[in-house]
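Comments concern the structure below.
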Amino acid sequence: MAIVPMRQTVVVSPLSGHDPDYGDPIYGEDYALKCRFDEGVRIVRNQHGEEVVSTGAFLFDKLAAIGISDKLTFTNELGAVTTYDPLTISVIRDFSGRPILTEVSV
């Protein structure tokens, strides 16, 4: 059981490779994950160390298999669909070192 209620769902499109001719990304089969999405603007550092603006953060239970190149598609309570690219992925661990949450800033 998650320490934070996971009452929302996001569709994850994992990156499976790139088109050999044009270099466009190719995404694998979509799958759904329970999550908690918190909107809010904040400054985070991306994988290159640059400061970027995050518009929200997804929280997933335990260690979620999400990569920095995956796409996250979220439908809010009003029915608006938005696709996000992860900016940072952080694993939050308890005192024994076990993962309890995965935070993905978008």
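The values are calculated or read from the model by the stated rules, or taken from the named source; none is laboratory data. Bear in mind the structure is a predicted one, so any value in this text is a computation, not a measurement. Methodologically, a virtual Cβ is constructed for each residue, glycine included, from the backbone with ideal geometry; neighbour enumeration extends over all protein chains shown.
Could you tell me whether Ile43 is among the aliphatic types (A, V, I, L, M) and touching a Leu at 6+ places or on another chain (Cβ under 9 Å)?
Spelling it out, it is not the case that Ile43 is among the aliphatic types (A, V, I, L, M) and touching a Leu at 6+ places or on another chain (Cβ under 9 Å).
Assess whether Leu63 counts as being modelled with pLDDT of 95 or more, within 10 Å of Val104 (Cα to Cα) and among the hydrophobic types (A, V, I, L, M, F, W, C).
Against the criterion (modelled with pLDDT of 95 or more, within 10 Å of Val104 (Cα to Cα) and among the hydrophobic types (A, V, I, L, M, F, W, C)), Leu63 does not qualify.
Which of the residues that make up the stretch 55-74 are surrounded by fewer than 18 Cβ atoms within 10 Å (Cβ to Cβ) and either part of a loop (DSSP other than H, G, I, E, B) or free of Cβ contacts under 8 Å to residues at least 40 places away in the same chain (or both)?
Lys62, Leu63, Ala65, Gly67, Ile68, Ser69
Kindly indicate the residue of the stretch 1-54 that is among the small types (Gly, Ala, Ser) and touching a Ser or Thr at 6+ places or on another chain (Cβ under 9 Å) and also surrounded by the fewest Cβ atoms within 10 Å (Cβ to Cβ) among those meeting that condition.
Gly40
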